[in-house]
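Notes follow the structure.
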Amino acid sequence: MKLEDISRIAVVGAGTMGQGIAQISGLAGYDVVLYDLNADVLKIAQNNISKNLDKGIDRGKLTHEDKEKTLKRITFSDNKDLLVADFIIEAIIEKLDVKKELFETLESINSEKTILASNTSSIPITRIAAGLKFPERFVGMHFFNPAHIMKLVEVISGVATDETIANTTAELARKLGKTPVMAADAPGFIVNRVARHFYVEGLKVLEEGVSDVKGIDRLVESSGFRMGPFRLMDLIGVDTNYSVTESMFNAFHQDAKFRPSRIQQQKVDGGHHGRKSGRGFYTYD
Ligand code: NAD
């Protein structure tokens, strides 16, 4: 599949990441279906995309016509049958078995030419692709949060990924206004592997009582970071961030430097998932 053959994009998962990916795909002129199991999430997604486009208008980057056309191009649906497309980007929960099951279903309803991409933060692409009939058209397309703003996209090739598929994915990323960086398949790829210690060490400092959440964030932010580790975990989703650490800890054979924090686990267990749930390390309106 070449870039010019792509006209319809399906985004699976309308949470934190799927919303932004659908927005930029619609804005770039693609016919988009944004799918989620949860109809309430789809309503929130539609509202958030509309608000983000309004912000673009306020900043003079978009016109009212851009907004209208973009919203018209996106179908918000909980009907799996609509997930037939030229390029599919998965952004569902960070669990290997759930992702594998989804891709097996997608493979069964799509042509063998459809490119299947995962926005996973940490799960090896080779592992998700294992068991697929055509693993050569499977690729990692890792956006950063907020997806409609952050420029970087990691394009990850698993052992079976065809080079032309990775190249088309990078071209699509450029068409969506992003800067692609090619990466080989390793747990956490490039950015999450390096950045993991930002969260893990922040949580260790908290566990040891060296300072509190606000104190750690304030210190890190005053040294030049846009957000401290706790504010950033709330933005990412405390549950998603925890799943990424857990998956990297296991993928690196329980290397202690990636050990997940019990404080973070407790937040996840209690449903304190950050901004999206109204409460995480901080509380939100
Ligand atoms: P999220 O929890 O905000 O949203 C996930 C959505 O997937 C939910 O709305 C849920 O209803 C839906 N879902 C779950 N199982 C599904 C299924 N089987 N079929 C369809 N929908 C399903 O999660 P998120 O933060 O958007 O993360 C999604 C993916 O993107 C994860 O793999 C994550 O690692 C990755 N990612 C997240 C970030 C981030 O900062 N949050 C950044 C880059 C990549």
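The values are calculated or read from the model by the stated rules, or taken from the named source; none is laboratory data. The shown structure was predicted, so the numbers you read here are calculated from the model rather than taken from an experiment. Note that each Cβ is placed from the backbone with ideal geometry, even for glycine, and that neighbours are counted across all protein chains shown. With ligands, DNA and RNA removed, areas are computed over all heavy atoms of the protein, side chains included. Shrake-Rupley method; radii C 1.70, N 1.55, O 1.52, S 1.80 Å.
Among the residues that make up segment 105-128, is at least one of them of a type in the set (Asp, Glu), more than 18 Å from the chain's Cα centre (by Cα), in a helix (DSSP H, G or I) and within 19 Å of Lys2 (Cα to Cα)? Step through it out loud before you land on a result.
At the first step, the residues of segment 105-128 found to be of a type in the set (Asp, Glu) are 107, 112.
Next, from what is left, pick out any that are more than 18 Å from the chain's Cα centre (by Cα): 107, 112.
Going one step further and asking which of them are in a helix (DSSP H, G or I), we end up with 107.
Within this subset, residues satisfying the condition of being within 19 Å of Lys2 (Cα to Cα) are 107.
The answer is yes; a qualifying residue exists.
Is one or more of the residues making up segment 131-139 modelled with pLDDT of 95 or more and of a type in the set (Gly, Ala, Ser)? So that I can check it myself, show each step before the final result.
Taking segment 131-139 and keeping what is modelled with pLDDT of 95 or more, we get 132-139.
Among the residues that remain, those that are also of a type in the set (Gly, Ala, Ser) are: none.
Scanning segment 131-139, I find no residue that is modelled with pLDDT of 95 or more and of a type in the set (Gly, Ala, Ser), so the answer is no.
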Considering only segment 1-29, how many residues are surrounded by 23 or more Cβ atoms within 10 Å (Cβ to Cβ) and assigned to a loop (DSSP other than H, G, I, E, B)?
-> 2
Across segment 113-141, the tally of residues that are among the hydroxyl-bearing types (Ser, Thr, Tyr), under 15 Å from Glu94 (Cα atoms) and open to solvent by less than 10 Å² (accessible area, probe 1.4 Å) stands at 3
Among the numbered conditions (1) touching a residue at least 40 places away in the same chain (Cβ under 8 Å); (2) more than 10 Å from the ligand (Cβ to nearest atom); (3) under 18 Å from the mean Cα position of the chain (by Cα); (4) surrounded by fewer than 21 Cβ atoms within 10 Å (Cβ to Cβ), tell me where Phe144 comes up short.
-> (2)
Of Val238, Val213, the only residue that is under 22 Å from Arg193 (Cβ atoms) and open to solvent by less than 80 Å² (accessible area, probe 1.4 Å) is Val238
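Considering each residue of segment 250-268, count those that are of a type outside the set (Lys, Arg), open to solvent by 50 Å² or more (accessible area, probe 1.4 Å) and under 27 Å from Arg127 (Cα atoms), and give that number.
Just the residues of segment 250-268 that are of a type outside the set (Lys, Arg), to begin with: 250-256, 258, 260-261, 263-266, 268.
Subsequent filtering for residues that are open to solvent by 50 Å² or more (accessible area, probe 1.4 Å) retains 250, 253-256, 263, 265-266.
If we keep only those that are under 27 Å from Arg127 (Cα atoms) too, we end up with 250, 253-256, 265.
Here the count works out to 6.
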Filter segment 50-93 down to residues that are open to solvent by less than 40 Å² (accessible area, probe 1.4 Å), within 30 Å of Ser247 (Cα to Cα) and free of Cβ contacts under 8 Å to residues at least 60 places away in the same chain, then give me how many there are.
-> 1
Ser247 vs. criteria at pLDDT below 95, within 13 Å of the ligand (Cβ to nearest atom) and either hydroxyl-bearing (Ser, Thr, Tyr) or open to solvent by 50 Å² or more (accessible area, probe 1.4 Å) (or both) = yes
Are there any pairs with C-beta distances below 7 angstrom linking a residue in segment 7-29 that is assigned by TED's automatic domain parsing to the domain that holds Ala45 to a residue that is of a type in the set (Asp, Glu) and part of a helix (DSSP H, G or I), with the two at least 6 apart or on different chains, and if so which?
-> Leu27/Asp66
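Look through segment 1-53, keep the residues that are aliphatic (A, V, I, L, M) and away from the ligand (no atom under 16 Å from the Cβ), and return whichever of them is farthest from Ile149 (Cα to Cα).
We begin by selecting, within segment 1-53, every residue aliphatic (A, V, I, L, M); these are 1, 3, 6, 9-12, 14, 17, 21-22, 24, 27-28, 32-34, 37, 39, 41-42, 44-45, 49, 53.
Then drop every residue that is not away from the ligand (no atom under 16 Å from the Cβ), which leaves 1, 3, 6, 27-28, 53.
Values: Met1: 27, Leu3: 22, Ile6: 23, Leu27: 13, Ala28: 14, Leu53: 11 Å.
Filtering segment 1-53 for residues that are aliphatic (A, V, I, L, M) and away from the ligand (no atom under 16 Å from the Cβ), the one farthest from Ile149 (Cα to Cα) comes out as Met1.
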